[in-house]
Amino acid sequence: MDQNNSIPPFQGLASPQGAMTPGMPMFSPMMPYGSGLTPQPVQNTNSLSILEEQQRQQQQQQQQHQQQPSAGLPGTSGQTPQLYHSQTAAGSTTTALPGGTGLYSTSIGPMTPLTPATPASESSGIVPTLQNIVSTVNLGCKLDLKTIALRARNAEYNPKRFAAVIMRIREPRTTALIFSSGKMVCTGAKSEEESRLAARKYARVVQKLGFPAKFLDFKIQNMVGSCDVKFPIRLEGLVLTHQQFSSYEPELFPGLIYRMIKPRIVLLIFVSGKVVLTGAKVRAEIYEAFENIYPILKGFRKTT
Amino acid sequence: CIFLFHSDRVIDVGSEWRTFSNEKALKDPSRVGDAQNPLLNGGDLTTMISRGTGAASFDEFGNSKYQNRRTMSSSDRAMLNAFKEISTMADRINLPRNIVDRTNNLFKQVYEQKSLKGRANDAIASACLYIACRQEGVPRTFKEICAVSRISKKEIGRCFKLILKALETSVDLITTGDFMSRFCSNLGLPKQVQMAATFIARKAVELDLVPGRSPISVAAAAIYMASQASAEKKTQKEIGDIAGVADVTIRQSYRLIYPRAAELFPPDFKFDTPVDKLPQL
């Protein structure tokens, strides 16, 4: 939310103040993320992680310095998730850190990352599977829902309940809402291609019924993915350290609702280790969000 | 000896006249009215004309002169209404004044921010009450707030999340211990049983016997176990009624803690029914 003295508009650069987005390849050269961001002091719930991340930081430093000549990027390579450890190859416009504390910081002060750093080589090895894709398309002509409902198979139309025809096809197994304006929403597909194919099939059905249907502005609006990290998670710890992003109310919902800022994805994290990711427009956002959250979750693994 | 203070004048803040009240004075001769609530009302200085009582206040047709109390503080009319509603709700569950004040403050902040303007004021008031109870360290369950409010749990929950976001605050996570004293006294359980139930619930959470279960359900199951081991046995239905938990939920949580019941009891507990004779559901 509010980053005290950092450059305000760059909301984009990862979850501010410490929610780590390791492996983030995008760094704005203008963003002196060493200087402004003052991650809040966090009681590290996992004492092992402090040692781990110091070791990893040291490793990264060495790697950094080796890579400096080669890396042409002003930002660091994707190995440095810590925003304030901007050991930028461009040597520094950044680091307003007091006297080199950045490199070998042992203080558990504001500079302590919330979670261990993740060297780029170690990825989670888990790939979220897509469960649902919602897309919209414009058929480009006004439709008469009554005739569509009467003549098409597997179509239901109840104007008192909802002002659209609900049509289903078996392959790919999807459901479409077709509105009289000619716009259509297609849900239930498991991949982008399937969604597009299904939308085309619906368009053809409408076309066969006699309407001059076209296929304009196909756009995927939402993608839902899910995966399993295979270990139980301490949600109470997670909500304590990532308060600005998390909402965990056992009375309202058994899972923790984590609203990641970059990429803008909402994750539902459960005690069992299952994670649901939603709100993505492209597949890469889901993958990126999961890669961001995985090390954080590892830090809150239940030890018993 | 008289001490002279270095002030321009000394204002005597005593009462205007002496009242020898051995009986309750029906007409309080104070001319300054109620205590102002400056913090919450935006310090309005409006004029109100109350309904007259004497003969002179009625005109020839029998209608009262000076008819309406002029609209007082029209800008904050909704806020005053909400304060009244908050006070009513709090009164139903006997909440102390500090919680009511906190609720009023929260409501005022939310109202002035206008980010939740479209939401029903009652919903916002109920959510503020919930947050205030949480912040004071004596959380009430959503169901308890629902019981005194006309708003649904869903809507209160939504407003709750919106308010936390709008005010940029957060609240502590609820624990099983927060509800023990209230539930146990409502059930009429003695202190020993209450302490045992608190211990059981805490131990169960520490040993992670009930992952993912709502703390209320765990608390209810712990109360059930403690009461069944004591002389004051309560049924699941009774506990479910008080806690706002379905009895199947208590059954589920109880099944999870039952296998290790022996470890969960406090060491100095006096068993009326020994651990192996506890009901197995």
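A residue that is part of a loop (DSSP other than H, G, I, E, B), within 14 Å of chain B (Cβ to nearest Cβ), within 30 Å of B:T169 (Cα to Cα) and in contact with a helix residue (DSSP H, G or I) (Cβ under 8 Å, 6 or more places away or on another chain) occurs nowhere in region A:227-235.
For the condition more than 28 Å from B:A204 (Cα to Cα), within 14 Å of chain B (Cβ to nearest Cβ) and either among the charged types (D, E, K, R) or in a helix (DSSP H, G or I) (or both), what is the one hit in A:R196, A:R259? Sole residue among the options that is more than 28 Å from B:A204 (Cα to Cα), within 14 Å of chain B (Cβ to nearest Cβ) and either among the charged types (D, E, K, R) or in a helix (DSSP H, G or I) (or both): A:R259. Consider A:V185 carefully, then state whether it is away from chain B (no Cβ under 14 Å), surrounded by 16 or more Cβ atoms within 10 Å (Cβ to Cβ), β-branched (V, I, T) and more than 26 Å from A:R283 (Cβ to Cβ). So A:V185 does not fit the description; no. The one condition from (1) surrounded by fewer than 20 Cβ atoms within 10 Å (Cβ to Cβ); (2) over 9 Å from the mean Cα position of the chain (by Cα); (3) at pLDDT 95 or above that B:Q109 does not meet is (3).
Note on region B:207-221: residues that are of a type in the set (A, V, I, L, M, F, W, C), within 9 Å of another protein chain (Cβ to nearest Cβ) and free of Cβ contacts under 8 Å to residues at least 60 places away in the same chain total 1. Residues in region B:181-193 that are crowded, with 17+ Cβ neighbours inside 10 Å and more than 16 Å from the chain's Cα centre (by Cα): how many? Looking only at that region, the number is 4.
Within region A:255-270, the residues that satisfy the criterion of being surrounded by fewer than 20 Cβ atoms within 10 Å (Cβ to Cβ) and β-branched (V, I, T) are A:I257, A:I261, A:V266. Quickly run through region A:212-226 and pick out the residues that are part of a loop (DSSP other than H, G, I, E, B) and in contact with a helix residue (DSSP H, G or I) (Cβ under 8 Å, 6 or more places away or on another chain). Correct list: A:A213, A:K214, A:F215. Listed by position, the strands (runs of 3 or more DSSP E) inside region A:71-185 whose residues that are in contact with a Cys (Cβ under 7 Å, 6 or more places away or on another chain) and modelled with pLDDT of 50 or more number at least 2 are A:129-138, A:174-179.
Test A:L252 against the criterion of being facing chain B (nearest Cβ under 9 Å), under 24 Å from B:V171 (Cβ atoms) and buried (at least 20 other Cβ atoms within 10 Å of the Cβ), and give yes or no. Here the answer is no, as A:L252 does not meet what is asked. Consider region B:260-275 and keep the residues that are within 15 Å of B:A204 (Cα to Cα) and part of a helix (DSSP H, G or I). The one that is nearest to the chain's Cα centre (by Cα) is B:L264.
The residues listed here are A:V271, A:V239; of these, the one that is part of a loop (DSSP other than H, G, I, E, B) and within 14 Å of chain B (Cβ to nearest Cβ) is A:V271. Checking each residue of region A:294-301 against the condition of being charged (D, E, K, R) and within 9 Å of the chain's Cα centre (by Cα) gives no match. Examine region A:276-290 for a residue that is part of a loop (DSSP other than H, G, I, E, B) and not basic (K, R), and state whether such a residue exists. Among the residues of region A:276-290, at least one is part of a loop (DSSP other than H, G, I, E, B) and not basic (K, R), which makes the answer yes.
The values are calculated or read from the model by the stated rules, or taken from the named source; none is laboratory data. Fair warning: this is a prediction, and the values are worked out from it, not measured in the lab. Don't worry about glycine lacking a Cβ; one is built from the backbone with ideal geometry, like all the others, and counts go over all protein chains shown.
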